[in-house]
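Undergrad: This is the structure, below, for whatever I ask next.
The values are calculated or read from the model by the stated rules, or taken from the named source; none is laboratory data. What you see is a predicted model; the values in this text were computed from it and never measured. Using ideal geometry, Cβ is built from the backbone for each residue, glycine included, and neighbour counts are taken over all protein chains shown. Note: accessible area is taken over every heavy atom of the protein model, side chains too, but ligands, DNA and RNA are not part of it. Shrake-Rupley method; radii C 1.70, N 1.55, O 1.52, S 1.80 Å.
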Amino acid sequence: HRVPPRPPAPTGPSGTHHRRAGTHHRRAGTRFDCSGLVQWAYARAGVGLPRTSQAQRNAGRHVPLAQARPGDLVTYRSDASHVALYVGGGQVIHAPRPGAPVRYDPVGMMPVSAVTRV
């Protein structure tokens, strides 16, 4: 699997994700899922977030997708079963499934349920 070229690296939580693209994430021997990765990146920027994608969806104020900025959380599907971090240029970075390498994908890869600005 080839990782797409990186957009310019932002600072803050999305910058932390940029440095991890194409890698497997491990924390104390445990691989991250999507919400764990987002929680970890925000913690590195000094911001606490809830653990689940459902709780992360409501951890800030919702903004329209057209107003998304790097660092905003993008939650997918009506059940908020997946979360990614917007990096700009219509792209997100995320852990597609537990233990899988982090990668970039188009923001519209799945139905977007919310964009949250923390």
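Undergrad: I need every pair where a residue in segment 93-105 that is modelled with pLDDT under 90 has its Cβ under 7 Å from the Cβ of a residue that is assigned to a loop (DSSP other than H, G, I, E, B), sequence separation at least 6 or different chains.
TA: Every condition considered, the pairs that remain are PRO98/ASP33; GLY99/HIS24; PRO101/HIS1; PRO101/GLY22; PRO101/THR23; PRO101/HIS24.
Undergrad: Same structure again: Just one of (1) touching a helix residue (DSSP H, G or I) at 6+ places or on another chain (Cβ under 8 Å); (2) in a strand (DSSP E or B) trips up ALA80, so point out which.
TA: Evaluating ALA80 over (1) touching a helix residue (DSSP H, G or I) at 6+ places or on another chain (Cβ under 8 Å); (2) in a strand (DSSP E or B) leaves (2) as the failure.
Undergrad: If we keep just the residues of segment 59-88 that are under 22 Å from TYR104 (Cβ atoms) and among the hydroxyl-bearing types (Ser, Thr, Tyr), which is most open to solvent (accessible area, probe 1.4 Å)?
TA: Restricting to residues being under 22 Å from TYR104 (Cβ atoms) and among the hydroxyl-bearing types (Ser, Thr, Tyr), the top hit is SER81.
Undergrad: While we're looking at this one, here's another question. Of everything in segment 89-118 that's buried (at least 19 other Cβ atoms within 10 Å of the Cβ) and among the β-branched types (Val, Ile, Thr), which residue is farthest from ARG51 (Cα to Cα)?
TA: It comes out as VAL107.
Undergrad: Just checking, does segment 62-74 include any residue being in contact with a strand residue (DSSP E or B) (Cβ under 6 Å, 6 or more places away or on another chain), under 18 Å from ARG31 (Cα atoms), of a type outside the set (Val, Ile, Thr) and outside any loop (DSSP other than H, G, I, E, B)?
TA: No, segment 62-74 contains no residue that is in contact with a strand residue (DSSP E or B) (Cβ under 6 Å, 6 or more places away or on another chain), under 18 Å from ARG31 (Cα atoms), of a type outside the set (Val, Ile, Thr) and outside any loop (DSSP other than H, G, I, E, B).
Undergrad: Filter segment 41-56 for residues that are farther than 13 Å from LEU85 by Cβ, not in a loop (DSSP other than H, G, I, E, B) and not aliphatic (A, V, I, L, M) and give the result.
TA: The one that is farther than 13 Å from LEU85 by Cβ, not in a loop (DSSP other than H, G, I, E, B) and not aliphatic (A, V, I, L, M): GLN54.
Undergrad: Further, regarding this structure: Mind listing whichever residues of segment 106-118 are over 13 Å from CYS34 (Cβ atoms), in contact (Cβ under 8 Å) with a residue 24 or more places away in the chain and either not polar (S, T, N, Q) or not in a strand (DSSP E or B) (or both)?
TA: The answer is VAL107, PRO111, VAL112, ALA114, VAL115, ARG117, VAL118.
Undergrad: Within segment 45-58, which residues are basic (Lys, Arg) and either touching a residue at least 40 places away in the same chain (Cβ under 8 Å) or surrounded by 15 or more Cβ atoms within 10 Å (Cβ to Cβ) (or both)?
TA: ARG57 - this is the single residue of segment 45-58 that is basic (Lys, Arg) and either touching a residue at least 40 places away in the same chain (Cβ under 8 Å) or surrounded by 15 or more Cβ atoms within 10 Å (Cβ to Cβ) (or both).
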